[in-house]
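Questions regarding the structure given below will be posed in turn.
The values are calculated or read from the model by the stated rules, or taken from the named source; none is laboratory data. Keep in mind that what you see is a predicted model, and the values were worked out from it rather than measured. Methodologically, a virtual Cβ is constructed for each residue, glycine included, from the backbone with ideal geometry; neighbour enumeration extends over all protein chains shown.
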Amino acid sequence: MASEIEKVKVLIIGSGPAGYTAAIYASRAGLSPVLYTGGQPGGQLTITTDVENYPGYPNGIMGPEMMEDFRKQAERFGTQIRYGVVTKVDFSAQPHKVIVDDQVEIHADTVIISTGASAKWLGLESEERLNGRGVSACAVCDGFFFRGQDVAIVGAGDTACEEASYLANICSKVYMLVRREEMRASQIMQKRVMNNPKIEILWNTETEEILGENEVEAVRVYNNKTKESNEIKVSGFFVAIGHEPNTGIFKNIIDMDENGYIKTIPGSTRTNVEGVFACGDAQDHIYRQAVTAAGTGCMAALDAERYLAAKELV
Ligand code: NDP
């Protein structure tokens with residue numbers, strides 16, 4: 001443990017649109033926030049390509065570039081941005097205690113949780129064994145390794161459609177494995193994959209096993225209508241089946257729903273613990289957009305500011 005414990009007014013955990021927006025507002029309010037980035041600085045948008053739906057960018061922007069802009073804007077007003085992962089919290093008394101990388105202890109009057117969400121996996125043994133050897137949850141990160149090759153992607157939401165389209169630009173063929181007879185994705189995204197001649201959609205199709213000793217060689221799929229199994233030769237297998245919130249360290253401390261999303265008091269970002277606020281995907285399983293995350297990040301900073309003022313901590 002560090003010999004001298006640092007005291008801060010606002011500690012922000014996470015560096016996606018929610019965390020950085022909270023930082024912009026808190027720093028402009030003179031609260032000198034400290035922000036810990038977590039293991040994936042910039043969050044989920046750093047592993048996406050074009051963002052076309054964030055207002056203010058009429059021509060779209062690349063996710064990593066947008067997050068770089070968010071970071072610079074937060075720094076411009078004095079946010080201290082630090083690389084580190086919060087490993088433990090103790091919210092039982094004021095000030096709240098936060099441990100970073102199992103080493104540094106920080107005492108914070110307010111904590112803003114903006115830890116986001118992470119990719120889900122199918123849970124197959126072969127998926128885990130071949131992870132990084134052809135299995136990936138990020139087409140944008142790993143698609144390049146499969147250029148000119150055949151790949152498969154599982155999922156039928158907007159993410160799967162976006163990633164299938166991305167892969168089709170690089171790979172020779174993309175099999176899209178959809179477990180039902182319809183997709184969950186928005187109409188525009190569905191049309192994009194259906195009209196792409198390099199994408200073949202396999203409906204009612206589930207993944208039985210990913211085949212290969214040291215690298216992906218094929219995938220064995222199962223048609224839940226015809227009850228037939230079938231092998232498809234692919235060298236890459238991408239998983240795009242949604243996300244789960246990164247809220248494990250707050251379990252039994254902060255109220256959550258059954259899926260681990262943090263519960264906030266309606267109309268606010270307040271949690272069940274005084275002085276602890278939650279924003280972004282860590283508390284939102286419905287909208288999950290960069291712009292809504294940024295919006296709740298703003299709310300969290302304003303809620304923290306009001307709390308500090310009411311407690312005469314500023
Ligand atoms: P979603 O939860 O929307 O979709 C997950 C998909 O994976 C569903 O089609 C689901 O199938 C499928 N799935 C889940 N588990 C399995 C499994 N074990 N085997 C096979 N398939 C499975 O997640 P997304 O990540 O796609 O999207 C999350 C949110 O982000 C959405 O609100 C989306 O609109 C938004 N988004 C928006 C984008 C944009 O606008 N540019 C881009 C990307 C995401 P089933 O339908 O059968 O349940």
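Give region 160-198 a look and list any residue that's aliphatic (A, V, I, L, M) and away from the ligand (no atom under 15 Å from the Cβ), or say none.
168, 170, 174, listed by residue number.
Within region 141-159, take every residue that is over 28 Å from residue 229 (Cβ atoms) and more than 11 Å from the ligand (Cβ to nearest atom) and give me the one that is nearest to the chain's Cα centre (by Cα).
Per the criteria, the residue is 141.
Could you tell me which residue of region 199-216 is nearest to the ligand (Cβ to nearest atom), considering only residues that are surrounded by fewer than 16 Cβ atoms within 10 Å (Cβ to Cβ) and closer than 13 Å to residue 237 by Cβ?
This residue is 208.
Is it the case that some residue within region 235-252 is without any contact (Cβ under 8 Å) to a residue 40 or more places away in the chain, surrounded by 14 or more Cβ atoms within 10 Å (Cβ to Cβ), under 20 Å from the mean Cα position of the chain (by Cα) and within 29 Å of residue 45 (Cβ to Cβ)?
no
Restricting attention to region 35-47, report how many residues are surrounded by fewer than 21 Cβ atoms within 10 Å (Cβ to Cβ) and either within 13 Å of the ligand (Cβ to nearest atom) or over 17 Å from the mean Cα position of the chain (by Cα) (or both).
Count: 1.
What residue, of 201, 170, is in contact with a helix residue (DSSP H, G or I) (Cβ under 9 Å, 6 or more places away or on another chain) and over 30 Å from residue 16 (Cβ atoms)?
Only one candidate passes the filter, namely 201.
For residue 226, indicate whether it is within 16 Å of the ligand (Cβ to nearest atom), assigned by TED's automatic domain parsing to the domain that holds residue 148 and more than 29 Å from residue 43 (Cα to Cα).
No: the conditions fail for residue 226.
Quick check, is residue 284 among the charged types (D, E, K, R) and part of a helix (DSSP H, G or I)?
No.
Let me ask something else about it. How many residues are part of a loop (DSSP other than H, G, I, E, B) and either surrounded by 16 or more Cβ atoms within 10 Å (Cβ to Cβ) or in contact with a strand residue (DSSP E or B) (Cβ under 8 Å, 6 or more places away or on another chain) (or both) when one looks only at region 185-198?
Counting residues in region 185-198 that are part of a loop (DSSP other than H, G, I, E, B) and either surrounded by 16 or more Cβ atoms within 10 Å (Cβ to Cβ) or in contact with a strand residue (DSSP E or B) (Cβ under 8 Å, 6 or more places away or on another chain) (or both) gives 3.
Yes or no: region 285-308 includes at least one residue that is surrounded by fewer than 16 Cβ atoms within 10 Å (Cβ to Cβ), within 14 Å of residue 22 (Cβ to Cβ) and not polar (S, T, N, Q).
yes
Can you find, within region 235-267, the residue that is nearest to residue 125 (Cα to Cα) among those that are within 16 Å of the ligand (Cβ to nearest atom) and among the β-branched types (Val, Ile, Thr)?
Taking the candidates together, the pick is 239.
Which one is farthest from residue 213 (Cα to Cα) among residues in region 118-140 that are near the ligand (Cβ under 9 Å from one of its atoms) and among the aliphatic types (A, V, I, L, M)?
Checked region 118-140; the qualifying residue farthest from residue 213 (Cα to Cα) is 119.
Okay, next question. Quick check on my filter: what residues within region 298-312 are farther than 12 Å from residue 27 by Cβ, touching a residue at least 60 places away in the same chain (Cβ under 8 Å) and not aliphatic (A, V, I, L, M)?
Listed by number, the residues that qualify are 298, 307, 311.
Ok, one more. Out of all the residues in region 266-314, which are over 27 Å from residue 118 (Cβ atoms) and aromatic (Phe, Trp, Tyr)?
307
With 68, 52, 105, 75 as the choices, which residue is more than 16 Å from the ligand (Cβ to nearest atom), farther than 20 Å from residue 9 by Cβ and not assigned by TED's automatic domain parsing to the domain that holds residue 160?
None of the others qualify; the one that does is 68.
Still on this structure, I have one more. If residue 220 passes every condition in (1) more than 25 Å from residue 287 (Cβ to Cβ); (2) touching a strand residue (DSSP E or B) at 6+ places or on another chain (Cβ under 7 Å); (3) buried (at least 17 other Cβ atoms within 10 Å of the Cβ) but one, which one does it miss?
The single condition residue 220 does not satisfy is (3).
When you look at residue 32, is it of a type in the set (S, T, N, Q) and buried (at least 22 other Cβ atoms within 10 Å of the Cβ), yes or no?
Judged against the criteria, residue 32 is not a match.
I'd like to know if region 12-25 contains one or more residues that are in the same structural domain as residue 275 (by TED's automatic domain parsing), farther than 28 Å from residue 312 by Cβ, surrounded by fewer than 23 Cβ atoms within 10 Å (Cβ to Cβ) and modelled with pLDDT of 95 or more.
No: zero hits.
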